[in-house]
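Trainee: The structure's right below; bear with me while I get my questions together.
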Amino acid sequence: MQTRVPSFEEGKDSLPRTRALPLRLLLLLLMFLVLCLVFSFISLNTIRRFGFSNVVAVVRPSYEPCIGEPNTLDRWIRPPSNLMHNMSDEELFWRATFVPRIRKYPFNRIPKIAFMFLTKGPLPLAPLWERFFKGHEGRYSIYIHSLPSYNQEFPSTSVFHRRHVPSQECVESIVSASAFRFDICNNLKVGHPVNSDVEELIELTEWGKMSMCDAERRLIANSLLDMSNEWFILLSESCIPLYKFSIIYQHVARSKYSFINAFDDPGPFGRGRYNENMAPEVNITQWRKGSQWFEINRRLAITIVEDTVFYPKFEAFCKPHCYVDEHYFPTMLTIRAPNLLANRSLTWVDWSRGGAHPATFGKADVTVEFFKKIAESKNCEYNGKNHSICHLFARKFAPSTLEPLLQIAPLAFGY
């Protein structure tokens with residue numbers, strides 16, 4: 001076997017090829033290093049000139065993490081920024097009855113009074129209330145519940161601006177005549193006013209029905225969503241405050257009892273309205289009657305909203321000639337928490353003229369002397385002692401009384 005020996009020419013051709021390869025690599029590496037140095041130089045100058053945070057912002061994620069936000073205390077104690085919501089009554093009542101078991105609050109809580117206005121329509125005496133509330137921000141909250149046919153708009157500077165709570169009522173559930181039902185509900189849903197005949201029909205059908213108490217419970221439940229609301233006062237559009245805010249606040253805050261009227265009336269308009277089917281939850285000796293307008297503390301407010309025992313009984317057996325709004329809350333709270341009730345109302349009314357409704361006062365009735373008589377009319381018990389201030393509010397005042405009320409308010413009421 002003959003071994004092949006490469007010729008001189010073959011060796012001469014292969015040598016340059018083996019040397020050329022490392023030279024090209026070296027050139028490429030050198031070019032790469034130069035580019036790196038240039039890029040580094042440019043980057044360092046950019047950082048020095050514009051700052052590191054702006055450079056990093058280019059590669060920052062487009063989303064913001066929300067880890068931890070749901071667990072902050074502020075989320076639980078912050079009152080709702082918008083009173084309008086889509087919760088049903090069942091959902092609202094469930095949410096409103098959340099109760100902390102530790103009494104001491106881990107934040108600087110300033111107790112507030114929730115002023116709850118139950119109205120058929122507008123608030124004609126709103127300017128008087130505006131003056132009453134002025135300068136006392138942070139110590140009160142306002143809630144308005146009106147018929148769906150009314151949607152009064154207040155200016156953004158008003159304390160009543162966007163303070164309406166959602167109403168779950170529809171006239172479909174009230175008006176049984178199918179000929180009226182479609183047109184009425186359509187008008188209400190789009191915010192159009194209905195005529196006076198329909199309003200009268202609605203009012204007559206609502207009178208004495210459980211829907212009145214539903215509206216009151218809805219007001220209370222919406223007020224409970226603000227953890228700082230400690231006292232709850234139910235008012236109508238015809239109510240006025242008889243004292244300046246500081247006096248009313250101190251009177252309510254220092255009281256050991258809640259001001260809800262509850263008494264045993266043995267006559268036909270008291271026990272005579274009792275239905276034996278309400279037993280055993282309510283027997284006739286527990287049956288109470290009282291004014292619709294009340295002041296209650298937070299504990300009693302939760303008791304009213306969470307009730308599922310007495311509500312079905314009153315809904316089924318306290319029908320229109322029973323007038324459920326005069327009996328449901330007084331009876332239930334007398335059974336549940338009798339030791340917390342003052343058994344009187346803070347709202348003055350005049351029944352001296354007789355009839356099914358208290359007297360309504362017009363423009364001619366509004367004088368300083370008239371309100372002095374109200375203040376001096378009687379003495380009452382306050383925290384176990386006689387006291388000269390018995391009523392903090394009065395009703396029923398017609399819209400025509402606004403101007404004279406504003407004129408005499410500084411002298412008669414102190415605001």
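Yes/no per residue for (1) touching a residue at least 40 places away in the same chain (Cβ under 8 Å); (2) polar (S, T, N, Q):
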| position | (1), (2) |
| --- | --- |
| 349 | yes, no |
| 353 | no, no |
| 361 | yes, no |
| 368 | yes, no |
| 379 | no, yes |
| 389 | yes, no |
| 396 | yes, no |
| 410 | no, no |
| 413 | yes, no |
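Trainee: Would you confirm whether any residue within region 350-370 is closer than 19 Å to residue 296 by Cβ and open to solvent by less than 30 Å² (accessible area, probe 1.4 Å)?
Mentor: The answer is no; no qualifying residue exists.
Trainee: Can you name every one of the helices (runs of 4 or more DSSP H) wholly within region 143-239 that holds 3 or more residues which are at pLDDT below 75, under 30 Å from residue 106 (Cα atoms) and not hydrophobic (A, V, I, L, M, F, W, C)?
Mentor: It comes to none.
Trainee: Answer with yes or no whether residue 375 is touching a residue at least 24 places away in the same chain (Cβ under 8 Å), open to solvent by 40 Å² or more (accessible area, probe 1.4 Å) and under 33 Å from the mean Cα position of the chain (by Cα).
Mentor: Details: touching a residue at least 24 places away in the same chain (Cβ under 8 Å): yes; open to solvent by 40 Å² or more (accessible area, probe 1.4 Å): yes; under 33 Å from the mean Cα position of the chain (by Cα): yes.
Considered against the rule, which asks whether it is touching a residue at least 24 places away in the same chain (Cβ under 8 Å), open to solvent by 40 Å² or more (accessible area, probe 1.4 Å) and under 33 Å from the mean Cα position of the chain (by Cα), residue 375 comes out as yes.
Trainee: Can we say residue 402 is part of a helix (DSSP H, G or I), of a type outside the set (Asp, Glu) and more than 30 Å from the chain's Cα centre (by Cα)? Give the steps one after another, and end with the answer.
Mentor: Values: part of a helix (DSSP H, G or I): yes; of a type outside the set (Asp, Glu): yes; more than 30 Å from the chain's Cα centre (by Cα): no.
So residue 402 does not fit the description; no.
Trainee: Additional query: What tally of residues in region 307-335 results from selecting those that are in contact with a helix residue (DSSP H, G or I) (Cβ under 7 Å, 6 or more places away or on another chain) and either free of Cβ contacts under 8 Å to residues at least 24 places away in the same chain or charged (D, E, K, R) (or both)?
Mentor: Going through region 307-335 one residue at a time, the tally reaches 4.
Trainee: Test residue 399 against the stated conditions and say whether it is open to solvent by 50 Å² or more (accessible area, probe 1.4 Å), farther than 19 Å from residue 250 by Cβ and touching a Pro at 6+ places or on another chain (Cβ under 6 Å). Show your work before the answer.
Mentor: Working: open to solvent by 50 Å² or more (accessible area, probe 1.4 Å): yes; farther than 19 Å from residue 250 by Cβ: yes; touching a Pro at 6+ places or on another chain (Cβ under 6 Å): yes.
Considered against the rule, which asks whether it is open to solvent by 50 Å² or more (accessible area, probe 1.4 Å), farther than 19 Å from residue 250 by Cβ and touching a Pro at 6+ places or on another chain (Cβ under 6 Å), residue 399 comes out as yes.
Trainee: Sticking with this structure for a sec: Can you tell me which residues in region 315-333 are under 26 Å from the mean Cα position of the chain (by Cα) and part of a helix (DSSP H, G or I)? Don't jump to the end; show me each part of the working.
Mentor: Going residue by residue through region 315-333, those that are under 26 Å from the mean Cα position of the chain (by Cα) are 315, 324-333.
The answer is 315, 324, 325, 326, 328, 329, 330, 331, 332, 333.
Trainee: Something else now. Out of the residues in region 382-393 that are under 32 Å from the mean Cα position of the chain (by Cα) and not in a loop (DSSP other than H, G, I, E, B), state the one that is farthest from residue 295 (Cα to Cα).
Mentor: Looking at the filtered set, the residue picked out is 382.
Trainee: Looking only at residues in region 273-314 that are among the polar types (S, T, N, Q) and under 25 Å from the mean Cα position of the chain (by Cα), which one is most open to solvent (accessible area, probe 1.4 Å)? Don't jump to the end; show me each part of the working.
Mentor: Within region 273-314, the first condition is being among the polar types (S, T, N, Q), and the residues that meet it are 275, 277, 283, 285-286, 291-292, 297, 303, 308.
Next cut, under 25 Å from the mean Cα position of the chain (by Cα) only: 291-292, 297, 303, 308.
Details: 291: 38, 292: 31, 297: 35, 303: 25, 308: 109 Å².
Residue satisfying both the conditions and the ranking: 308.
Trainee: Give me the residue from region 126-142 that is of a type outside the set (Gly, Ala, Ser) and part of a strand (DSSP E or B) and, out of that set, farthest from residue 166 (Cα to Cα).
Mentor: Among those that are of a type outside the set (Gly, Ala, Ser) and part of a strand (DSSP E or B), it is 140.
Trainee: Quick check on my filter: what residues within region 100-144 are out of contact with any Asp or Glu (no Cβ under 8 Å at 6 or more places or on another chain), in contact (Cβ under 8 Å) with a residue 24 or more places away in the chain and farther than 21 Å from residue 252 by Cβ?
Mentor: Within region 100-144, 106, 107, 126, 127 meet the criteria.
The values are calculated or read from the model by the stated rules, or taken from the named source; none is laboratory data. Everything quoted here is computed from the prediction, not taken from an experiment. Backbone-built Cβ (ideal geometry, glycine too); neighbour counts: all protein chains shown. These accessible areas exclude ligands, DNA and RNA; they are computed on the full protein's heavy atoms, side chains included. Shrake-Rupley method; radii C 1.70, N 1.55, O 1.52, S 1.80 Å.
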